[in-house]
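Heads up, the thing below is written out as structure tokens.
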Amino acid sequence: MAIRELRYEGDEILKKKSREIEVIDDRIKQLAEDMMETMHKYDGLGLAAVQVGILKRIIVIDLYDDVSKFTLINPVIVEKSKEIVEVQEGCLSYPNQFGRVKRHAWVKVKALDIDGKKVTLEAKDLLAQALQHEIDHLEGETFKSKILPGTFEVIKPEDEQE
Ligand code: NI
């Protein structure tokens with residue numbers, strides 16, 4: 001396992017669309033492990049491969065609640081609620097930046113797991129939000145472009161404050 005280098009705001013790769021994964025080979029499995037480790041190192045809740053410079057449709061999510069830990073390949077939102085919620089978000093590619101965005105309150109996602117098995121997830125609350133955020137990354141979309149007017153803020157952790 002290895003920590004991968006994160007890509008940050010201003011890096012054009014973050015605006016590119018990721019490609020479908022056709023074969024889950026050892027390189028993809030290694031990528032998935034490295035992404036999970038990298039996300040944990042930076043205390044993220046989710047990470048898309050594009051954020052470590054790989055334009056492939058794979059995301060990892062961990063909400064640190066013992067059940068919401070996923071590696072999803074080629075995830076697709078197949079159903080979503082009409083109900084929209086406004087939620088606070090940040091992103092490992094945009095350190096210390098936060099803002100409110102609109103998300104569907106509930107989504108149903110189909111994907112493959114790391115063994116290539118078909119999985120279906122129905123998610124609400126934070127998991128639904130994380131899925132939409134990470135799947136946006138696969139389309140080259142970031143939360144930054146969705147921030148509602150007047151809600152953007154920069155919050156630095158205490159050990160970085162002067
Ligand atoms: Ni993000």
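When Val109 is tested against the conditions (1) away from the ligand (no atom under 14 Å from the Cβ); (2) closer than 19 Å to Met35 by Cβ; (3) in contact (Cβ under 8 Å) with a residue 40 or more places away in the chain; (4) β-branched (Val, Ile, Thr), the lone failure is (3). The sole residue among Leu72, Leu47 that is at pLDDT 95 or above, in a strand (DSSP E or B), under 11 Å from the mean Cα position of the chain (by Cα) and under 14 Å from Asp113 (Cα atoms) is Leu72. Just one of (1) touching a residue at least 60 places away in the same chain (Cβ under 8 Å); (2) within 26 Å of Arg4 (Cα to Cα) fails for Leu148. It is (2). Can you give me the number of residues within the range 7-27 that are more than 17 Å from His137 (Cβ to Cβ), assigned to a helix (DSSP H, G or I) and of a type in the set (A, V, I, L, M)? The number of residues fulfilling the criteria is 0. Report yes if some residue within the range 79-90 is without any contact (Cβ under 8 Å) to a residue 60 or more places away in the chain, under 16 Å from the mean Cα position of the chain (by Cα), within 15 Å of the ligand (Cβ to nearest atom) and within 19 Å of Lys41 (Cα to Cα); otherwise report no. There is at least one residue in the range 79-90 that is without any contact (Cβ under 8 Å) to a residue 60 or more places away in the chain, under 16 Å from the mean Cα position of the chain (by Cα), within 15 Å of the ligand (Cβ to nearest atom) and within 19 Å of Lys41 (Cα to Cα). Take the residues in the range 18-70 that are more than 12 Å from the ligand (Cβ to nearest atom) and aromatic (Phe, Trp, Tyr), then tell me which one is least open to solvent (accessible area, probe 1.4 Å). Here the answer is Phe70.
In the range 139-151, of all residues being of a type in the set (Val, Ile, Thr) and within 13 Å of the ligand (Cβ to nearest atom), the one that is least open to solvent (accessible area, probe 1.4 Å) corresponds to Thr142. Here the range 91-101 is the region considered, the condition is being open to solvent by less than 70 Å² (accessible area, probe 1.4 Å) and either over 16 Å from Leu138 (Cα atoms) or in a strand (DSSP E or B) (or both), and the residue that is nearest to the ligand (Cβ to nearest atom) is Cys91. For His104, are the conditions met, namely being surrounded by 15 or more Cβ atoms within 10 Å (Cβ to Cβ) and either under 20 Å from Arg7 (Cα atoms) or without any contact (Cβ under 8 Å) to a residue 12 or more places away in the chain (or both)? No.
Would a scan of the range 127-138 turn up a residue that is surrounded by fewer than 16 Cβ atoms within 10 Å (Cβ to Cβ) and either of a type outside the set (Gly, Ala, Ser) or out of contact with any strand residue (DSSP E or B) (no Cβ under 8 Å at 6 or more places or on another chain) (or both)? Reasoning before the result, please.
Initially, the range 127-138 is screened for residues surrounded by fewer than 16 Cβ atoms within 10 Å (Cβ to Cβ), giving none.
No, the range 127-138 contains no residue that is surrounded by fewer than 16 Cβ atoms within 10 Å (Cβ to Cβ) and either of a type outside the set (Gly, Ala, Ser) or out of contact with any strand residue (DSSP E or B) (no Cβ under 8 Å at 6 or more places or on another chain) (or both).
If the condition is being open to solvent by 60 Å² or more (accessible area, probe 1.4 Å) and on the phi < 0 side of the Ramachandran plot, then the range 5-17 contributes Glu5, Arg7, Tyr8, Glu9, Glu12, Lys15, Lys16, Lys17.
The values are calculated or read from the model by the stated rules, or taken from the named source; none is laboratory data. Just so it is clear, the model here is predicted, and its values are computed rather than measured. No Cβ is skipped: glycine too gets one built from the backbone with ideal geometry, and neighbour counts run over all protein chains shown. Note: areas computed on protein heavy atoms with side chains; ligands, DNA, RNA excluded. Shrake-Rupley method; radii C 1.70, N 1.55, O 1.52, S 1.80 Å.
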